[in-house]
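Novice: Mind having a look at this structure? Questions to follow.
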Amino acid sequence: MGTTARKERRTYSLNPELVRYIEKVREERGIESASSALEQIICESKRQRDRKHQDDLISNYYTSLDEADIEQEKQWGRFAETQFLTE
């Protein structure tokens, strides 16, 4: 059975424009508290950042391949295509 991580209470100072943005998100999404809205905004930002990091790792891998590695990848790709079921 999974456990829910206990939340930590923190206090942050934000400029008024950001506070208005958090309130706007809260209202638009029907979220009960500004804290929950802020948490959603941060989680979305983290997911985007994590995704970009993964994309960068993949891109760096493929740009680091030499011609022999590229040819081998192409051969594996052609082989893999023959393994799909056709109707």
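Novice: Looking at the range 35-58, which of its residues are of a type in the set (Lys, Arg) and in contact with a helix residue (DSSP H, G or I) (Cβ under 8 Å, 6 or more places away or on another chain)?
Specialist: none
Novice: Taking only pairs six or more apart or across chains, which ones have beta-carbon atoms under 6 Å, a first residue in the range 66-80 that is among the polar types (S, T, N, Q), and a second residue that is not in a helix (DSSP H, G or I)?
Specialist: Close Cβ pairs satisfying both conditions: none exist.
Novice: OK, next. Take residue 19 and tell me if it is within 20 Å of the chain's Cα centre (by Cα) and surrounded by 10 or more Cβ atoms within 10 Å (Cβ to Cβ). Walk me through it before giving the result.
Specialist: Working: within 20 Å of the chain's Cα centre (by Cα): no; surrounded by 10 or more Cβ atoms within 10 Å (Cβ to Cβ): yes.
Judged against the criteria, residue 19 is not a match.
Novice: Could you give me the residue pairs with C-beta distances under 7 Å whose first residue belongs to the range 26-54 and is surrounded by fewer than 14 Cβ atoms within 10 Å (Cβ to Cβ), whose second residue is at pLDDT 95 or above and small (Gly, Ala, Ser) wherever it lies, and which are 6+ apart or on separate chains?
Specialist: Hits for this filter: 29/37.
Novice: Only one residue in 39, 27 is of a type in the set (D, E, K, R) and under 22 Å from residue 5 (Cα atoms), so which one is that?
Specialist: Working: 27 fails: under 22 Å from residue 5 (Cα atoms).
Testing whether each residue is of a type in the set (D, E, K, R) and under 22 Å from residue 5 (Cα atoms) leaves just 39.
The values are calculated or read from the model by the stated rules, or taken from the named source; none is laboratory data. Fair warning: this is a prediction, and the values are worked out from it, not measured in the lab. In this analysis, Cβ positions are derived from the backbone assuming ideal geometry, glycine residues included, and neighbour counts consider all displayed protein chains.
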